[in-house]
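Participant: There's a structure below that I have some questions on.
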Amino acid sequence: MIDSVRGRLTLWYVSALALMLVAFSVILYVLAARALYQRLDDGLRSLIEVSTKSLNNDAEEGQSYQNAAQSTAAELSHFPQVLLIFDVGGKLLTDNHPEDDFPEKLPELSSIPDNEPRFYTIAEEDDDGDRHRIAVRSVSISPANRRYIILASQPLDVVEDELEALRQPLYFAGPVALLLAGLGGWILARKSLKPVVAMAESARRIGAGNLGQQLPVANPRDELGQLAVTFNELLARLHAAFAQQRQFMADASHELRTPLSVLRTTAGVTLKKQHRSEDEYREAIHMMDEQTQRLTRIVKDLFTLARADAARYPLHKKAFYLNDLLEEVARAGSLLAAEKNIALEVANLPEANCQGDEDLLRRMILNLVDNAIKYTPPRGVVRLRLARESRHFVITVSDTGSGIPVDSHTHIFERFYRVDKARSRSEDAGGGGAGLGLSIATWIAEAHGGSLKLTHSGPDGTTFVAKLPATS
Ligand code: ADP
């Protein structure tokens, strides 16, 4: 096996060319040979025709049977053609046979046709074995009612010499052409594969640290250029994914650092003083409990997203009533809402038999309701609605909060994005979000083949709409 593409390309190229050259040479040679033999046969055929006419004339002029044959043969037999005339019994009437070793024997008399000449080839019996082409025919000369057998022959050496002259350059030119083509192919393959070598060298130097580098693109329009462009696009995507991953790690550790440092400070401050009242201890433990809850929630959210990214979060789908789930979430949320003096309204929910992972969908709706309560001031209203469109269940969560600034509309679904970082983190110590709630809610909706969108946000409030397919 040849291990370089260049070598294989050249080999294929030379093999294909060799095949074509051989086929071309064979066809050329066969056609030339056929034409030459045909020309020779035509010459012999016309010699027999002319001889017949001459015998005819001689008979009309009253020449004897033998004399007519003699004079015709002497007149028409010119080198390299030889004309022999026999009587019907196969006896030679002429004495002009050229060489001693020329076989002047006639074939079987009964096999000699009288309409068309019969052609055949014979070889001399000596060492050279020179070959002769023979045409033989029996003719009847009507004026004197005579019959002759006319044999015209010609040595094949002229034709064979011509064919030999054709064969020589083919033998020579073929290998030379192949050699030149192989050399040219090798140089061409080297030239066209040069960008690949350059690409491989550049690719070898790219690692996790310099994913921003790109491969050289020699010509963006050709196939190799397109390969380099595609590879560069892949590198760009990897670079972006790596950057996102790094950002995710940085954000995650930042989010974890805050509750951890609150925990440490609380523990440190509490322990620093020897004797404290029970209330002081209670307050400290309460604060630590809240921070632990917050930590747990962040870690749980991070774990969910990590598994979702790796497409390893199993969806436990089953049939359930979405309206019941909404009512359950509303009950849970109403306690929180009541604490903040917010009304949580649930419109008449239509029956909605849904197929999905109930726990995940609960988490999605809870996130939306939680946010609505969290970002709505006291005396506000949070509304939860459910409707059925032709192919979807539409869950709407709206509030009368102060809304989300327009320039944050596209960012709120990003991980760790919070409009007002300080506020949402300190929002009732343990309840502040890490900016992961909407990312998770979006993933849950999409994992069910649905979507989550912010449809309205302004000073009068915010509305989120989640659509879930109502397939079965
Ligand atoms: P968090 O856990 O901080 O709430 P989310 O991903 O759930 O994170 O939300 C991202 C940000 O979107 C929030 O920090 C908040 O600023 C904004 N947001 C989400 N829902 C609402 C809402 N109903 N009203 C106003 N702002 C909202």
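The values are calculated or read from the model by the stated rules, or taken from the named source; none is laboratory data. All values reported here derive from a predicted model rather than from experimental measurement. Please note: Cβ atoms are built from the backbone with ideal geometry, for glycine as well, and neighbour counts cover all protein chains shown. What goes into the accessible areas is simple: the full protein's heavy atoms, side chains included, and nothing from ligands, DNA or RNA. Shrake-Rupley method; radii C 1.70, N 1.55, O 1.52, S 1.80 Å.
Participant: Using modelled backbone amide H atoms (1.01 Å from N, in-plane), which distant-in-sequence or interchain residues come within less than 5 Å of L436's amide H?
Facilitator: F416
Participant: Quick one: if you stick a label point 7 Å off each Cα along the C-beta vector at D3 and D114, how many nm between them?
Facilitator: Between D3 and D114, the label points sit 8.1 nm apart.
Participant: For E233 paired with R257, estimate the spin-label separation in nm (one decimal), with each label point 7 Å from Cα along the Cα-to-Cβ line.
Facilitator: 3.8
Participant: Still on this model: Quick one: which of 69-78, 449-458 comes out on top by average Cβ neighbours within 10 Å, and what's the full order, highest first? Please report the intermediate quantities before stating the final value.
Facilitator: Working: 69-78: 18.6, 449-458: 15.5.
Per-residue Cβ counts within 10 Å, averaged per peptide and sorted highest first, yield 69-78, 449-458.
Participant: Please state the relative contact order of the chain as a whole percent: Cα pairs under 8 Å, 6+ residues apart? Let's see the in-between values first.
Facilitator: Values: 627 pairs, mean separation 44.9, N = 472.
Relative contact order of the chain: 10 percent.
Participant: Assuming 0.36 nm per residue, please report the length gained on full extension of the stretch R147 to R204 beyond their Cα-Cα distance.
Facilitator: Between R147 and R204, full extension yields an extra 11.1 nm.
Participant: Once you have the alpha carbon radius of gyration of region 1-130, what is it after dividing by 2.2 N^0.38 Å, with N set to its residue count?
Facilitator: That ratio works out to 1.76.
Participant: Rolling a 1.4 angstrom probe over the protein heavy atoms, how many square angstrom per residue are accessible across region 184-267?
Facilitator: Numbers: 5760 Å² over 84 residues.
About 69 Å² of surface per residue is accessible.
Participant: Moving to a separate point now. Enumerate the calculated ³J(HN,Hα) couplings along region 436-442 in order (Karplus 6.51 cos²θ - 1.76 cosθ + 1.60, θ = phi - 60°), each rounded to whole Hz, writing x wherever the residue is Gly or Pro.
Facilitator: Per residue, the Karplus-derived 3J(HN,Hα) values read 10, x, 6, 4, 5, 4, 4 Hz.
Participant: According to the square roots a ≥ b ≥ c of the eigenvalues of the Cα gyration tensor, what is the shape class of region 279-378, taking rounded for a/c under 1.5, prolate for a/b larger than b/c otherwise, and oblate for the remainder?
Facilitator: In terms of gyration-tensor shape, oblate.
Participant: Could I ask something else about it? Do any trypsin sites (Lys or Arg not before Pro) in region 217-277 lie in a loop, going by DSSP, with at most 16 other beta-carbon atoms within 10 Å of their beta carbon, and if so which?
Facilitator: Taking region 217-277 and a limit of 16 other Cβ atoms within 10 Å, the loop trypsin sites (Lys or Arg not before Pro) found are R221, K273, R276.
Participant: In square nanometres, what is one fourth of the surface area of the convex hull spanned by the alpha carbons of the chain?
Facilitator: The Cα convex hull of the chain, projected and averaged over all directions, gives 47.8 nm².
Participant: Would you list, by chain and number, the aspartates and glutamates whose Cα falls below 18 Å from the Cα of K53, excluding same-chain residues fewer than 8 positions away?
Facilitator: The reachable aspartates and glutamates, counting only those whose Cα sits under 18 Å from K53, are D42, E61, E75, D87, D114, E116.
Participant: Tell me, what HN-Hα J-couplings in whole Hz come from the Karplus equation 6.51 cos²θ - 1.76 cosθ + 1.60 at θ = phi - 60° for each residue of region 325-333, using x for Gly and Pro?
Facilitator: Taking θ as phi minus 60°, the curve returns 4, 5, 5, 4, 5, 5, 4, 5, x Hz for region 325-333.
Participant: Tell me the per residue accessible area of region 315-457 using a 1.4 Å probe; a whole number in Å² is fine. Mind dumping the intermediate values first?
Facilitator: Numbers: 6900 Å² over 143 residues.
Accessible surface, normalised per residue, equals 48 Å².
Participant: Continuing with the same structure: With runs of 4+ DSSP H residues as the only contributors, calculate the mean residue ellipticity of the chain at 222 nm using -39,500 (n - 2.57) per run, divided by the residue total and rounded to the nearest 500.
Facilitator: -19000 deg cm²/dmol
Participant: So between Y281 and A241, what do we pick up on full extension, going 0.36 nm a residue minus the alpha carbon distance?
Facilitator: 9.8 nm
Participant: Suppose the chain between V406 and A347 were pulled fully straight at 0.36 nm per residue; how much longer would it get relative to their current alpha carbon spacing?
Facilitator: In short, 18.4 nm is gained.
Participant: Report ³J(HN,Hα) in whole Hz for each residue of region 22-34, in order, from the Karplus equation J = 6.51 cos²θ - 1.76 cosθ + 1.60 where θ = phi - 60°; Gly and Pro get x.
Facilitator: Values, residue by residue: 4, 4, 4, 5, 4, 5, 4, 5, 5, 5, 5, 4, 4 Hz.
Participant: In addition: Pull up the cross-link candidates among the lysines for K318, meaning alpha carbon to alpha carbon under 22 Å and not fewer than 8 places away within one chain.
Facilitator: K318 reaches K467.
Participant: Quick one: pull the percent of accessible area on the chain belonging to carbon and sulfur, 1.4 Å probe, ligands and nucleic acids left out. Don't skip to the answer; put the middle values down first.
Facilitator: On the way: 15760 of 27660 Å².
Answer for the chain: carbon and sulfur cover 57 percent of the accessible area.
Participant: Something else now. Can you return the lysines within cross-link range of K340? Criterion is Cα-Cα under 22 Å, with same-chain partners fewer than 8 residues away left out.
Facilitator: K374, K421
Participant: Quick check for you: with a 1.4 Å probe and neighbouring chains kept, what is the accessible area per residue of region 1-64, in Å²?
Facilitator: Roughly 67 Å² per residue, with all protein chains present.
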